[in-house]
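Reviewing the structure listed below.
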Amino acid sequence: MPFRPDPVERRARALADLRLGVPVVLGGASGALVLAAETAGPDRLAALRAMGGAPVLAITGRRAATLRARAYDGDIARVVLPEGADCAWVRAVADPAGDLNTPMKGPLRTLREGGAETHRAAIALVKAARLLPAALVLPLDDAAGFASTHELTRLDLPLPPAVTPAYAPVAAARLPMAAAERGRLHVFRPGDGGEEHYAVEIGKPARDSAPLVRLHSACFTGDVLGSLKCDCGPQLHAALDQMGEAGEGVLLYLNQEGRGIGLANKMRAYSLQDQGFDTVEANHRLGFEDDERDFRIGAEILKRLGFARIRLLTNNPNKVARMAEAGIAVEERVPLKVGKGVHNHHYLATKAAKSGHLL
């Protein structure tokens, strides 16, 4: 049937459901019911527990290490829900914001036996939904039948590997800017219904040349509010100014806030930084990796624009490597060292020491 959603569309629907607090189902003949720990409400949690079985809270190995819980599955841990555990308990285990106020959450018992692929898929989905990386998981004998009865979105297992969707140009128009009057803004929309990303073209770079290019991840606090905690705003404007002076260039504005964890989780990381953790430690305590961004998005948009060679404005060697892997030749890395101040020097030092930035 042409009206039936395909796997990519069902995945997008599942992400929206999890953000709403609606459970999703993974698997067919056997599988699991999944609720995002951050959005699970008391009624659905009570209904999940009333079904019997053995529900667990799946958390990342990073978060398990913080909680001193055994992660027998390596990258994740399956925490057994204790009797009487409510939404507040679930949220306290998932969210490190209150760790200093309520450090004793255990002892937490984690499962050692059985497979963890369903739980790993559940965490991948809630992370993709920009939620805390923790999910309630209850095994089901007839996952497909349960999903049909309760009108829930169901995804087959194993989940397909993460791929960068195709990006289609949606609209483009002339945009005079302070940095350059000859500007043009292109909007690109992914085929999976996710967030749109933007390309700011200055001048008219020849498609067979290697123009200045900046891959800039969205930073609401730095780009819009002028935050002094990072160097994002100064980097954005310095890149545009440099392209304006050169008469041409392309700035890709990628909606991957907070190194890909979203603004809400970025603010959670900031609250942990206020407690004395550096930016990498804060991400780890939340259950995320150092950097969750997908730079293949930038490569895909550059190809759609017609570019195969670039000079990349960045202090991050990882961006250079990711572009090369995605088929974009980086002929030169152009440093972009601006924005250091009293409020962000520790942040920049951490980027240099732990993330390899050349500062």
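The values are calculated or read from the model by the stated rules, or taken from the named source; none is laboratory data. Because the structure is a prediction, the values reported are computed rather than measured. Here the Cβ positions follow ideal geometry from the backbone for every residue, glycine too, while neighbour counts run over all protein chains shown. Heads up: the accessible areas ignore ligands, DNA and RNA and are worked out on the full protein's heavy atoms, side chains in. Shrake-Rupley method; radii C 1.70, N 1.55, O 1.52, S 1.80 Å.
A compact table of results
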item	result
Residues with amide H under 5 Å from that of S217, placed H, sequence gap 5 or more	L254
Mean separation of Cα contacts under 8 Å, 6 or more apart, over the residue count of the chain: relative contact order %	16 percent
3J(HN,Hα) from dihedral phi, region 245-256, Karplus parametrisation 6.51/-1.76/1.60, rounded to Hz, x for glycine, proline	5, 6, x, 6, x, 9, 10, 8, 9, 9, 7, 10
Sequence of Y167, Y347, Y72 when ordered by accessible area, the most exposed leading, probe 1.4 angstrom	Y72, Y347, Y167
DSSP-defined beta bridges in region 145-283 - what % are antiparallel, rounded to 5	80 percent
For V334, distant residues with modelled amide H under 5 Å away	L312, L313, T314
Protein accessible area in region 176-327, 1.4 Å probe - carbon and sulfur %	51 percent
Stokes-Einstein translational diffusion, the chain - Kirkwood Rh over all Cα pairs, 0.692 mPa s, 37 °C, in µm²/s	149 µm²/s
Alpha-carbon centroids, region 149-209 and region 20-68: separation in whole Å	32 Å
Ellipticity estimate at 222 nm from DSSP helix runs (n ≥ 4, -39,500 (n - 2.57)) divided over the chain, nearest 500	-10500 deg cm²/dmol
Solvent-accessible area per residue, Å², over region 73-164 with all protein chains present [probe radius 1.4 Å]	51 Å²
Radius 9 Å from Cβ of N283, net charge of other residues (Lys, Arg +1; Asp, Glu -1)	-2
Whether region 266-330 is rounded, prolate or oblate, judged on the alpha carbon gyration tensor where a/c under 1.5 counts as rounded	prolate
Region 85-239: C-alpha gyration tensor shape, a/c 1.5 cut-off, then a/b vs b/c	oblate
Restraint check, K229/K303; K266/K337; K204/K340; K105/K229; K127/K354; K127/K204, Cα-Cα greater than 29 Å	K229/K303; K204/K340; K105/K229; K127/K204
Viscosity 0.692 mPa s, temperature 37 °C, Stokes-Einstein D of region 214-359 from Kirkwood C-alpha radius, µm²/s	208 µm²/s
Share, in percent, of DSSP beta bridges within the chain that are antiparallel, nearest 5	75 percent
Note, ³J(HN,Hα) from phi for region 27-32, Karplus 6.51, -1.76, 1.60, rounded to Hz, x at Gly and Pro	x, x, 4, 9, x, 7
Whole-Hz ³J(HN,Hα) from phi, Karplus 6.51 cos²θ - 1.76 cosθ + 1.60, for region 56-73, glycine and proline x	10, 9, 7, 10, 6, x, 4, 5, 4, 4, 5, 8, 6, 9, 6, 9, 5, 8
Whole-number accessible area per residue in Å² for region 264-359, which is evaluated in the context of all protein chains at 1.4 Å	45 Å²
Charge dipole (debye, nearest 20) of the chain; +1 at Cβ of Lys and Arg, -1 at Cβ of Asp and Glu	400 debye
Candidates per GluC sites (Glu not before Pro) in region 131-240, loop by DSSP, up to 10 other Cβ within 10 Å	E151
Residues with amide H under 5 Å from that of G249, placed H, sequence gap 5 or more	I202
